[in-house]
Amino acid sequence: MEARSRSADLNRVCSRDVLAGSAGQYRALIRRALTFHIQHERPADPNHVKNWLPTPGGDSRFTARSYGPEAPLIDGSHPMPRAQRATWRPQSRPPESRGHHSLPDPPAVAGVRAELLSWRDDSGAASLSGRLILLCGLAGAGKTTLAKKLEADGAVRMCPDEWLVALGFDIYDKHARVAVEALQWELSQALVSRGLTVVDECGVWLRSERDLRRTWARERGAAVELQFLDAPVEVLMARVAERNRGLPEGAPRVDPGLVEFWNTRLERPDAEEFALFDPPTERRTTHGAADG
């Protein structure tokens, strides 16, 4: 498309779709979650502004860019998503009209007035607010154990270590970890905005990391809770060592000696910070787990 100032944004989000799909179970969720509002005027609905790609005042066109395309894209058999012209309706539309994007009728401009590019499988999906659960703690504190229990109850689990291994990276590759955690955070935002519960088990050791996620959730009306899992350093080290002994040959292992160093970097939440979060939907055990 010719809206050059925002073309990088579109490329970034589309790349996220491809990378997330390669990581496994999230492709279908992403494909149902992304809707771009491509128009010259700023959308009146704040939820639409998040995925708004401004166009010039005149005519616009779309161009798909593919990195390493496979045969279906090359021979034209892949069904590309179509741009749909937005339906302009009064703000007080009846419930049965949900799925049409109700924006005030803007002044007429040359060419495309407003276009909606939909990557969803169902055009009638509505914006919802889900729940973000942050699991704070060091290795061995039990984050993964708790996260898997929540996953069994229907939550989507974000585990950086598992993605790093699945993508062929060393778990100590700093640059890869930063990229994966950023990708998972973007994916978490998309899923929570669609009404899902997401468990973030990256550790959120720093108060600034927790503040960023909590502020994002609050601004969008989503629930956000903080679960802090802790134990004495020597207990955490023993748990990590025990877990290593049970891993298959060649599996990545966490060095128990690093736990003591990581403990100096952990900014433990206090009562004042906990008060800024929503209470958990149900009581959960936060001590005594042997994983994560």
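Grab the beta carbon distance between Val165 and Phe261, set R0 = 25 Å, and tell me the FRET efficiency rounded to 0.05.
That pair, Val165 with Phe261, gives E of 0.65.
Hey, got a sec? Which GluC sites (Glu not before Pro) in the range 172-268 land in a DSSP loop and have at most 10 other Cβ atoms within 10 Å?
Those that pass, being in a loop and sparsely packed, are Glu249.
Which FRET efficiency, nearest 0.05, do Ala271 and Val178 yield, Cβ-Cβ r, R0 30 Å?
Once rounded, the FRET efficiency stands at 0.45.
Amide H to amide H, which residues 5 or more places from Trp52 or on other chains are under 5 Å from it, using H placed in the peptide plane?
His37
Which of Ile38, Ile171 comes first, and how do the rest follow, when ranked by fewest Cβ neighbours within 10 Å?
Result, fewest neighbours first: Ile171, Ile38.
Take His40, His78 and order them by how many other Cβ atoms sit within 10 Å, fewest up front.
His78, His40
Sorting Val224, Val233 on the 10 Å Cβ count, fewest up front, what's the list?
Val233, Val224
Amide H neighbours of Val156 under 5 Å, counting only residues 5+ apart in sequence or on other chains, H built in-plane at 1.01 Å?
Thr197, Val198, Val199
Need one number: nm distance between label points at Ser129 and Ser208, each 7 Å from Cα along Cα→Cβ, rounded to one decimal.
Reported label-point gap for Ser129 and Ser208 is 2.7 nm.
Please give the contour-minus-distance gain from Ala238 to Glu186: 0.36 nm per residue of separation, less the Cα-Cα distance, rounded to one decimal in nm.
Using 0.36 nm per residue and subtracting the Cα-Cα distance, I get 15.3 nm.
Readers should treat all values here as calculations from the given coordinates under stated rules, not as data from a laboratory. A quick note: this is a predicted structure, and the numbers were derived from the prediction, not measured. No Cβ is skipped: glycine too gets one built from the backbone with ideal geometry, and neighbour counts run over all protein chains shown.
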